[in-house]
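Novice: Provided herewith is a single structure, encoded as structure tokens, for subsequent inquiry.
The values are calculated or read from the model by the stated rules, or taken from the named source; none is laboratory data. Owing to the predicted nature of the structure, the values given are computational and were not obtained by experimental measurement. In this analysis, Cβ positions are derived from the backbone assuming ideal geometry, glycine residues included, and neighbour counts consider all displayed protein chains.
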Amino acid sequence: MRAFLALALLAPTLLAQRWAVQYFYDEDRSQLQIVDLVFPSAERGFAAGILTEYSGKQKFTAMWTSDGGAHWTLDPFKEEPRSLFFLNDSLGWMVTDKGIWKTEESGRTWRKISDQKKSDKTIIRGPSRGLILRVAFFDSEHGFAVGDQKSLFETHDGGRTWMPVAEAAKPESRPEYSSYSRIVLQGQTGFVVGSSNPPRPGSRNALPVWVAPEQAAKRRQVPQLTLLLETQDKGATWRSTTAPLFGYLNSMAISGTRGLSVFAFDENFEVPSEVYNVDFAKGTSVSTFRQKDRRVSSAALFGSQGFIAAVEPTGRLNSPLVPGKVKILRSTDLKNWEEMPVDYKAVAGAVLLAGPDSDHLWAATDTGMILHLAK
């Protein structure tokens with residue numbers, strides 16, 4: 001009875017919330033692809049994007065807001081952005097195709113602190129073994145960078161110098177086909193996830209799914225080697241494990257000892273994606289969401305309340321290259337998922353979720369749109 005009353009009191013709040021378009025890039029002769037989005041607080045948010053003109057020429061931008069997304073400033077950027085990490089409202093890092101940048105002024109100014117050139121035999125000024133994809137920090141000085149060729153680097157000076165972590169190279173996979181693409185740090189704990197995906201016989205000559213969907217349907221999805229690194233002591237020691245799994249990790253959200261991991265699959269797989277409910281304390285991982293008509297690309301987790309952002313595939317083509325309607329779902333038990341109202345104008349190939357808590361959330365699309373969870 002108490003549970004029923006609690007649900008009854010909560011239901012009006014859940015139903016009142018909806019996802020409304022807060023920002024849309026609508027400039028003539030160019031398009032904006034938002035590649036990453038972070039909101040360390042309810043007021044300050046940061047994004048990075050690629051502006052593509054109709055001629056094909058690309059420009060880059062760093063975006064920021066100080067009023068909860070009501071207004072965004074787009075500043076030109078010199079290098080192509082890959083990802084963002086912010087420790088708080090003012091201190092953040094951006095990974096680009098040529099190095100790592102840092103801001104201490106809430107994204108208003110950026111300075112390059114590391115490139116990808118080796119300076120001597122022990123200290124790496126910039127990661128040199130492969131392209132760095134993401135960084136994450138325990139505090140303002142101590143952090144890690146992950147990337148291609150099984151690269152994991154550690155810094156103790158805020159990202160100016162980096163040293164390789166030997167454990168990252170131990171999994172038995174060819175470096176040229178292996179990379180670490182996701183990193184999450186929380187408390188004393190850290191997780192790094194990647195994959196090894198060598199080319200299959202005949203894959204180089206295979207046509208894209210949108211060119212020959214009948215041919216793609218005959219290709220079988222095969223397991224690939226998933227790489228996992230875990231630390232329980234802030235990176236003093238790491239433990240590496242591997243497992244053959246279908247798909248690749250697209251998103252990972254952690255809250256306490258629970259997590260949501262999103263795996264994406266090839267276009268010809270029976271479902272486009274699958275979300276797993278992970279219990280780190282028990283060491284279990286249980287499938288919690290998979291639908292043929294929902295391609296999930298991002299997750300957010302706050303205690304037992306989870307959110308997943310998805311796209312409804314258009315027609316027979318289950319490919320992120322083809323935009324579809326944005327769908328966002330919520331769960332209060334990480335078992336049952338309910339779709340939330342989303343502005344009908346929101347279409348995308350992929351969607352990113354970001355926010356400091358379950359009442360202050362934003363979603364960014366690769367079509368230049370930012371949505372806000374509104375009441």
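Novice: What number of residues in segment 46-73 are in contact with a Phe, Trp or Tyr (Cβ under 9 Å, 6 or more places away or on another chain), within 23 Å of VAL21 (Cβ to Cβ) and either of a type outside the set (A, V, I, L, M, F, W, C) or surrounded by fewer than 16 Cβ atoms within 10 Å (Cβ to Cβ) (or both)?
Specialist: So the answer is 8.
Novice: Would you please name the residue that is farthest from the chain's Cα centre (by Cα), looking only at residues in segment 318-375 that are small (Gly, Ala, Ser) and assigned to a strand (DSSP E or B)?
Specialist: Only one residue tops the list, namely ALA374.
Novice: Residue pairs, Cβ under 8 Å, 6 or more apart or interchain, first in segment 224-235 and not assigned by TED's automatic domain parsing to the domain that holds GLY259 and of a type outside the set (Val, Ile, Thr), second modelled with pLDDT under 95 and crowded, with 18+ Cβ neighbours inside 10 Å. List them.
Specialist: none
Novice: Of all residues in segment 296-326, how many are closer than 28 Å to THR257 by Cβ, modelled with pLDDT of 95 or more and not hydrophobic (A, V, I, L, M, F, W, C)?
Specialist: Result for segment 296-326: 4.
Novice: Right, another one. For segment 90-102, name all the residues that are under 11 Å from PHE46 (Cα atoms) and surrounded by fewer than 18 Cβ atoms within 10 Å (Cβ to Cβ).
Specialist: Hit for segment 90-102 is SER90, nothing else.
Novice: Restricting attention to segment 37-78, which residues are at pLDDT 95 or above and of a type in the set (Asp, Glu)?
Specialist: GLU43, ASP67, ASP75
Novice: If you don't mind, there's one more thing I want to ask. State whether one or more residues within segment 307-326 are among the aromatic types (Phe, Trp, Tyr) and in contact (Cβ under 8 Å) with a residue 40 or more places away in the chain.
Specialist: Among the residues of segment 307-326, at least one is among the aromatic types (Phe, Trp, Tyr) and in contact (Cβ under 8 Å) with a residue 40 or more places away in the chain, which makes the answer yes.
Novice: Of the conditions (1) in the same structural domain as SER151 (by TED's automatic domain parsing); (2) touching a residue at least 24 places away in the same chain (Cβ under 8 Å), VAL38 fails just one. Which one is it?
Specialist: VAL38 satisfies all of (1) in the same structural domain as SER151 (by TED's automatic domain parsing); (2) touching a residue at least 24 places away in the same chain (Cβ under 8 Å) except (1).
Novice: Scan VAL278, VAL262, VAL271 and give me the residue that is over 15 Å from VAL192 (Cα atoms) and of a type in the set (A, V, I, L, M).
Specialist: VAL271
Novice: May I ask you to list the residues in segment 286-312 that are outside any strand (DSSP E or B) and under 14 Å from PRO272 (Cα atoms)?
Specialist: Hits for segment 286-312 are ARG290, LYS292, ASP293.
Novice: Here is a further query. Across segment 46-81, what is the total count of residues that are closer than 10 Å to GLY107 by Cβ and in contact with a Leu (Cβ under 7 Å, 6 or more places away or on another chain)?
Specialist: Count: 4.
Novice: Which of (1) in a loop (DSSP other than H, G, I, E, B); (2) among the hydroxyl-bearing types (Ser, Thr, Tyr); (3) modelled with pLDDT of 90 or more does TYR276 not meet, given it meets every other one?
Specialist: Among (1) in a loop (DSSP other than H, G, I, E, B); (2) among the hydroxyl-bearing types (Ser, Thr, Tyr); (3) modelled with pLDDT of 90 or more, TYR276 violates only (1).
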